[in-house]
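First comes the structure, then the notes that go with it.
The values are calculated or read from the model by the stated rules, or taken from the named source; none is laboratory data. What you see is a predicted model; the values in this text were computed from it and never measured. Cβ: placed from backbone, ideal geometry, glycine included. Neighbour counts: every protein chain shown. The area values use the complete protein model at the heavy-atom level, side chains included, leaving out ligands, DNA and RNA. Shrake-Rupley method; radii C 1.70, N 1.55, O 1.52, S 1.80 Å.
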Amino acid sequence: VQLVESGGGSVQAGGSLRLSCAASGRTFSRYTVAWFRQAPGKEREFVAGTGWSGSRTLYEDSVKARFTISRDNVKNTVTLQMSNLKPEDTAVYYCAAARRLVPTAEREYDYWGQGTQVTVSS
């Protein structure tokens, strides 16, 4: 599975961004897809994930009610809609794929995209 992120950029606090992860490979629907982020000087952390069919989703507490993850297994894409963005959301966001059902540990993910920068100014 190859993953390519897009949609990052700069926005003011309170604004919105939509990240997309495009996947190649015929077995995309068999993978959990998640978004992680890494801020400068910090470890990479789980943000949100969606299971194989999209019926199971999981969010990190600080993004609940602000971020929404969804997937389209026909188009092989996963989207992260981010609203009410805060300066602390500033990070490089990565798309990743795993065989297990929505794990949160980075080590469980086998495939990674190159990342896309999100910058939120106050």
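Karplus couplings for the stretch 74-88 from phi (6.51 cos²θ - 1.76 cosθ + 1.60, θ = phi - 60°), rounded to Hz, Gly and Pro as x?
7, 8, 6, 10, 10, 10, 10, 8, 10, 10, 6, 5, 10, x, 6
Which three semi-axes in whole Å describe the equivalent ellipsoid of the chain, each the square root of 5 times a Cα gyration tensor eigenvalue, listed largest first?
One finds semi-axes of 22, 14, 13 Å for the chain.
Using 7 Å Cα-to-Cβ label points, what is the T57/A39 separation (nm, one decimal)?
The answer from the label model is 2.3 nm.
Looking at the chain, what % of its DSSP beta bridges pair antiparallel, to the nearest 5?
Within the chain, antiparallel bridges account for around 90 percent of the total.
Just to be sure I understand the model, the point goes 7 Å from the Cα along the line to the Cβ. What's the resulting R26 to S10 distance in nm?
With each label point 7 Å from Cα toward Cβ, the separation is 4.5 nm.
Accessible area of the chain with a 1.4 Å probe: how many percent of it is carbon plus sulfur?
After summing per-atom areas, the C and S share lands at 45 percent.
What order do you get for 98-105, 36-43 when each peptide is scored by the mean count of other beta carbon atoms within 10 Å, highest first?
The peptides rank, most packed first, as 98-105, 36-43.
Could you report the chain's accessible area per residue, 1.4 Å probe, as an integer in Å²?
52
Find how much the distance from Q117 to E88 grows on full extension, using 0.36 nm per residue of separation minus their present alpha carbon separation; answer in nm with one decimal.
Going from the current span to full extension adds 9.1 nm.
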